Amino acid sequence: MGSNTQFFTENLFQKPWGEEYVIFNFKKKIAVTFLKIKSGGKTSLHCHSKKKTGFIILDGNANVQIGIYKKNTFKYKPVSRLVFRPGLFHRIINKSKNDLYALEFENPYLKKDLIRLSDDYGRSKKNYEGKKYSKLIPKNYLKFRMPQNKNINKYKFKNVEIILKYLNNSKELGNSYSKASVAIIDGKISDKKNQTVIESGEIIKYSTLKILSKKFYIKKKLLIMIVKK
């Protein structure tokens, strides 16, 4: 897995609907991918057999098909969040005149874990794009860095702010991010019996994180990504 993750971390991939690249990864077990979907573009209707995936919309309105039926297509605006279990088919569609941007979270980090049911670009029987469709990520493209100790890393994209930080306990949660979405990158919240309540790969409301962290226990400090308008 190491060489594959190294390749996908260093390269940007051209898609018929736009482009994507890994903007952040943690210990090769979770990857955050930056998606740009051009006007009229749509991803394959696809699922993953092993990994759980989630999305936070950054800019634009996304039409997301959940499952194999088109009638189950719903609109999501910034900073909406979605999480898909393994085996659940999904597709993101950009019907607007402007580009659509989103962050995709995958746990575990397995780029080749892909099953396409249908595709408007003739890729239904093809694997994830390889070297032919890749190039090194341009130096001016945004990349997230690991926060050190008590530091907080902040990034701005369009009209949203993205914060990457460690969280040791519920007392460190303020009210300034009340309407934000939060992705758990590492760590977990458990009950007294050490049963997991929430762990890496989940995407929730900031207010939900506050409730859970007060009711249960942060057994290991959390590495979280906050996305707010």
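The values are calculated or read from the model by the stated rules, or taken from the named source; none is laboratory data. Everything quoted here is computed from the prediction, not taken from an experiment. Every residue, glycine among them, receives a Cβ derived from its backbone with ideal geometry; neighbour counts consider all protein chains shown. These area figures cover heavy atoms from the full protein model, side chains too; ligands, DNA and RNA do not enter into them. Shrake-Rupley method; radii C 1.70, N 1.55, O 1.52, S 1.80 Å.
Overview of results
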item: Of Lys28/Lys50; Lys111/Lys131; Lys179/Lys215; Lys165/Lys205; Lys50/Lys228, those spanning more than 24 Å from alpha-carbon to alpha-carbon; result: Lys50/Lys228
item: Radius of gyration and maximum dimension Dmax of segment 47-188, Cα, Å; result: 17.1, 51
item: Relative contact order (%) - segment 56-190, alpha-carbon pairs under 8 angstrom, separation at least six; result: 20 percent
item: Cα gyration tensor category, rounded, prolate or oblate, for segment 114-229 with a/c compared to 1.5; result: prolate
item: Rounded if a/c under 1.5, otherwise prolate or oblate - segment 163-229, Cα gyration tensor axes; result: prolate
item: Gaussian network model of the chain, springs between alpha carbon atoms under 10 Å - residue of Gly201, Gly87, Gly54 with greatest fluctuation; result: Gly87
item: Surface accessible to a 1.4 Å probe, per residue, for the residues of the chain, Å²; result: 52 Å²
item: Ordering of 101-112, 8-19, 171-182 by packing [mean C-beta count within 10 Å, highest first]; result: 101-112, 8-19, 171-182
item: Helix-only CD estimate at 222 nm, as mean residue ellipticity for the chain, using -39500 (n - 2.57) per DSSP H run (n ≥ 4); result: -2500 deg cm²/dmol
item: Over segment 1-127: Rg over Rh, Cα atoms, Kirkwood Rh; result: 0.93
item: Compactness of segment 44-97 - radius of gyration and Dmax, Cα, Å; result: 11.0, 34
item: Whole-number percent relative contact order across the chain, with pairs defined as alpha carbons under 8 Å at least 6 apart; result: 20 percent
item: Rounded percent of accessible protein surface that carbon and sulfur make up, the chain, 1.4 Å probe; result: 49 percent
item: Residue of Lys29, Lys156, Lys51 that the Gaussian network model of the chain assigns the largest fluctuation, springs spanning Cα pairs under 10 Å; result: Lys156
item: Under 11 Å, Cβ to Cβ, from Val22 - net charge with Lys/Arg +1 and Asp/Glu -1; result: -1
item: Per-pair calculated FRET efficiency, R0 = 30 Å: Phe26 and Lys139 via Cβ, rounded to 0.05; result: 0.85
item: Computed lengthening from Lys219 to Lys70, 0.36 nm per intervening residue step minus Cα-Cα distance; result: 49.5 nm
item: Computed over segment 135-174: relative contact order in percent, which uses C-alpha pairs under 8 Å that are six or more apart; result: 28 percent
item: Loop-located chymotrypsin sites (Phe, Trp or Tyr not before Pro) in segment 23-89, at most 12 other Cβ atoms within 10 Å (DSSP); result: Tyr69
